[in-house]
Amino acid sequence: MRLFFAIIIALSSAFILTGGAEFSFKEVTHRFPDTKEGVLLEHDFTFTNKGDTPLIIQGYKVACSCTKLTFPQEPIAPGASEKLHLTFDTKGKYGYQHRKIEIESNTKKKTKIAFKVFVINE
């Protein structure tokens, strides 16, 4: 009988600990139209904090300094929506580009967004 109660308490604790901040994006990957080399591309990724605690964004990781992300500096309350502003400098880039951005935050799961574009060399 004690084992039964111990299992019930353990399972209840697991459900309580599953909360936290959580990203919910309208789109995770954005596709830009074909673009001439040298153009600065911009896009806003809109998201909502679907979690039950404030969402805190500390930074981001990208493979190239040609990609920049501007993000809210203040915590995002549960249920609130915000934007991540992406810029991609196509100068010196040619052909198919598929870039991924990992967002560093207080969420339990890793969060990544991405974009795709074909850069025309003219």
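Quick look at the values:
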item	result
So Phe71, is it buried (at least 17 other Cβ atoms within 10 Å of the Cβ), without any contact (Cβ under 8 Å) to a residue 40 or more places away in the chain, of a type in the set (A, V, I, L, M, F, W, C) and out of contact with any Pro (no Cβ under 6 Å at 6 or more places or on another chain)	yes
Close pairs (7 angstrom Cβ cut-off, 6 or more residues apart or separate chains): of a type in the set (S, T, N, Q) in segment 75-98, outside any strand (DSSP E or B) anywhere	Thr90/Glu37; Thr90/Gly38; Thr90/Val39
Complete set of residues in segment 107-122 that are under 21 Å from Ser24 (Cβ atoms) and part of a strand (DSSP E or B)	Thr111, Lys112, Ile113, Ala114, Phe115
Counted residues, segment 94-122 - those being surrounded by fewer than 20 Cβ atoms within 10 Å (Cβ to Cβ) and over 13 Å from Gly59 (Cα atoms)	15
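No value in this document is a laboratory result; all are computed from the given coordinates. Every value quoted in this text rests on a predicted model; they were computed, and no experiment measured them. Glycine gets a Cβ as well: all are built from the backbone with ideal geometry, and neighbour counts include every protein chain shown.
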